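Working notes, structure below.
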Amino acid sequence: MSARTIKSISTADLHRLLQRGAEIELIDVRPREMYDAQRVEKARFVEFSTLDPVAIMANRKAPPGDPLYVICQIGRRSVKACERFIEARYGNVVSVEGGTRAWAKGGFPIVGLKKGFSCPMLTRIRQLIPFKSKNANAG
């Protein structure tokens, strides 16, 4: 399955939906330590390694026709999770472009951020994929 077949939404568009009061269902497929460190408030934890599309869809509170939004750290894992849903014949899934990193970079609200929190996986991701802040060119 190609990533081109996966529906996606920008963090700005997702934020607008939430601002308008839309009742959306958003799952965060990152490891627990990353989810606990920082997440979108509406996100529910479902670790990618234990993702069961059939169980998730059977237990949804949203109407069956409503999209299920999927977020991760930078957008790759959410696309893979969406592919799993599509393979299980649940096509109305939407990957959040750029993940939690893009959400935070956009200045949208984050919960769970712990000062002094150390997450080895997040540290390694930051080493591999440098994050440029808006103030990187200031000064």
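Rundown of residues vs (1) of a type outside the set (Gly, Ala, Ser); (2) in contact with a Ser or Thr (Cβ under 8 Å, 6 or more places away or on another chain), yes/no style:
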site: Thr11; (1), (2): yes, no
site: Leu26; (1), (2): yes, no
site: Glu41; (1), (2): yes, no
site: Phe48; (1), (2): yes, no
site: Ile56; (1), (2): yes, no
site: Asn59; (1), (2): yes, no
site: Asp66; (1), (2): yes, no
site: Val70; (1), (2): yes, yes
site: Ser78; (1), (2): no, yes
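Kindly indicate whether any position in region 51-58 is within 19 Å of Pro31 (Cα to Cα) and either at pLDDT below 90 or under 11 Å from the mean Cα position of the chain (by Cα) (or both). Among the residues of region 51-58, not one is within 19 Å of Pro31 (Cα to Cα) and either at pLDDT below 90 or under 11 Å from the mean Cα position of the chain (by Cα) (or both), which makes the answer no. Can you tell me which residue is farthest from Val54 (Cα to Cα) among those in region 64-74 that are crowded, with 20+ Cβ neighbours inside 10 Å and in contact with a helix residue (DSSP H, G or I) (Cβ under 6 Å, 6 or more places away or on another chain)? Result: Gln73.
If you go through region 29-36 one residue at a time, do you hit one that is over 25 Å from Ala88 (Cα atoms), surrounded by fewer than 20 Cβ atoms within 10 Å (Cβ to Cβ) and either among the acidic types (Asp, Glu) or over 10 Å from the mean Cα position of the chain (by Cα) (or both)? So far as region 29-36 goes, yes, one or more of its residues are over 25 Å from Ala88 (Cα atoms), surrounded by fewer than 20 Cβ atoms within 10 Å (Cβ to Cβ) and either among the acidic types (Asp, Glu) or over 10 Å from the mean Cα position of the chain (by Cα) (or both).
The values are calculated or read from the model by the stated rules, or taken from the named source; none is laboratory data. What you are looking at is a predicted structure, and each value in this text was computed from that prediction instead of being measured. For neighbour counting, all protein chains shown are included, and Cβ atoms are generated from backbone atoms with ideal geometry for every residue, glycine included.
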